[in-house]
Amino acid sequence: TRNTVATRVNENGLIEEVASNVPRLDYSDGGCPALLLEPTATNLVTYSEDFDSLLKARVTVTSNQINSPDGTLNADYIVQDSGQTSSGAVYNTFTYSASQYTQSVFAKKKEKGFIALTESSSSGGSAKRTWFDLENGLIGFVDPLHIAKIENYGNDWYRCSITYTATSGNYNYFFYLSDVNNSTTVVGGGGIYAFGAQLEQQSYPTSYIKNEGTTQTRSADTANGAGDASTFNDSEGVL
């Protein structure tokens, strides 16, 4: 049971929505699917697929330029303004509680090969950045206050995420563009493709939650009748 729609990766490797109370057989790891069971989560990014709705510094956003990991033409092109040598950024301000948060974005290299997921809430104000290599699908420099993860979604798309413990207050978040690891000095022009911004009060990145103007909550999955001590005991059972 699950009271809301939710997403999974289907057998074709694409993100798709699944109706409420329908099991999510997830193919993220390829081969045989796994039953995806997750806790309740809310995506705090109001427009998760519209990066032009975020605040911008030294970048220009062009909407719907290539197919995203859901297979439709809805990924944005974020390009560094020409003549600028300081990393361009898209960002927003959120009100954090004293809790763990995870922020994530799907990104694909165009001209720029690195992004830095950035937040200021874990230190109470100063920016903390963790870097991701979009050409090779690797994690670069990791801030000591972050737990970093990168996941391959095929067709050169990667979901990059950081988890951290925030202090309460209003702080900025999201990402910078770069040409190299751990540097905010760049060559003007060029950019990346981006899709699916997510900020959630969780200790790890959960499945993508789409927002189109309001913050959506995915309710928890509950599996009933999956076996108990009479089915799985200390002498026999089934995996």
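Residues are listed down the side, and each one gets a yes or a no for (1) among the aromatic types (Phe, Trp, Tyr); (2) open to solvent by less than 10 Å² (accessible area, probe 1.4 Å); (3) at pLDDT 95 or above:
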residue	(1), (2), (3)
Thr93	no, no, no
Ala98	no, no, yes
Thr102	no, yes, yes
Lys109	no, no, yes
Ala116	no, yes, yes
Ser123	no, no, no
Gly137	no, no, yes
Just one of (1) over 22 Å from Pro205 (Cα atoms); (2) surrounded by 14 or more Cβ atoms within 10 Å (Cβ to Cβ); (3) in contact with a Gly (Cβ under 7 Å, 6 or more places away or on another chain); (4) hydrophobic (A, V, I, L, M, F, W, C) trips up Leu14, so point out which.
(1)
Would you pick out the residues in the range 2-28 that are in a strand (DSSP E or B) and not aliphatic (A, V, I, L, M)?
Thr7, Arg8, Glu16, Glu17, Asp26
In the range 185-201, which residues are in a strand (DSSP E or B) and either of a type in the set (Phe, Trp, Tyr) or on the phi > 0 side of the Ramachandran plot (or both)?
Tyr193, Phe195, Gly196
Name the residue that is most open to solvent (accessible area, probe 1.4 Å), counting only residues in the range 39-86 that are farther than 18 Å from Arg8 by Cβ, in contact (Cβ under 8 Å) with a residue 40 or more places away in the chain and among the small types (Gly, Ala, Ser).
Ser82
Selection within the range 152-209 - surrounded by fewer than 17 Cβ atoms within 10 Å (Cβ to Cβ) and either within 16 Å of Lys109 (Cα to Cα) or among the aliphatic types (A, V, I, L, M) (or both):
Asn152, Gly154, Asn155, Asp156, Asp179, Val180, Asn181, Val187, Gly188, Gly189
Filter the range 55-70 down to the residues that are under 21 Å from Trp157 (Cα atoms) and of a type outside the set (S, T, N, Q) and list them by number.
Val59, Val61, Ile66, Pro69, Asp70
Go through the residues of the range 63-73 one by one and say whether even a single one is closer than 16 Å to Asn211 by Cα, among the polar types (S, T, N, Q), touching a helix residue (DSSP H, G or I) at 6+ places or on another chain (Cβ under 9 Å) and in a loop (DSSP other than H, G, I, E, B).
no
Can you give me the number of residues within the range 89-115 that are of a type outside the set (D, E, K, R) and touching a Gly at 6+ places or on another chain (Cβ under 8 Å)?
6
Among the candidates Thr130, Thr165, which residue alone is under 18 Å from Gln201 (Cβ atoms) and of a type outside the set (Gly, Ala, Ser)?
Thr165
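The values are calculated or read from the model by the stated rules, or taken from the named source; none is laboratory data. Values in this document were obtained by computation on a predicted structure and should not be read as measured data. Cβ sites come from the backbone with ideal geometry, for glycine too, and all protein chains shown count toward neighbours. Side chains are part of the model used for accessible areas, which takes the heavy atoms of the whole protein and leaves out ligands, DNA and RNA. Shrake-Rupley method; radii C 1.70, N 1.55, O 1.52, S 1.80 Å.
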